[in-house]
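Right, one structure below, let's go through it.
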Amino acid sequence: MGLGSTAKKLQKVTDMADDLYTKLNEQKQQLQELRDTVEETSDRTERIDQEQTEQRALLEAIAEEQGLDTDAILTDAVIEDAEAPADGESAESEQPAPDTTD
């Protein structure tokens, strides 16, 4: 085996190592970007949850001031949602056919 053949093999291994190192750095960068995105999303979710809690407290205070029963309103909303037609079912199928007798 000549030195030229060994040099070619060594160069090939070096090129493969460089490619692997480049890909590894790309993966590290993508992972860091993903971590940053997850952290931003988590922070945003916490802010939205806090705002929702504040808005709910305000709405309940307004409702109480107006003499409305928020528990009854929420219960009615849950019942209406449960009675709503499921996806794929049309609302027309639940309504009676019009009376066409004259």
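Points to keep in mind about this one:
- Sub-7 Å Cβ pairs linking a first residue in segment 1-14 that is touching a residue at least 12 places away in the same chain (Cβ under 8 Å) to a second residue that is surrounded by 10 or more Cβ atoms within 10 Å (Cβ to Cβ), at least 6 apart or interchain, number zero.
- Evaluation of Glu94 against the conditions (1) at pLDDT below 95; (2) open to solvent by less than 80 Å² (accessible area, probe 1.4 Å) shows that the sole unmet condition is (2).
The values are calculated or read from the model by the stated rules, or taken from the named source; none is laboratory data. Since this is a predicted model, take the numbers as computed values, not measurements. Because the Cβ atoms are built from the backbone with ideal geometry, glycine has one as well, and the counts that use them run over all protein chains shown. Remember, those area values only see protein heavy atoms, side chains included, never the ligands or the DNA or RNA. Shrake-Rupley method; radii C 1.70, N 1.55, O 1.52, S 1.80 Å.
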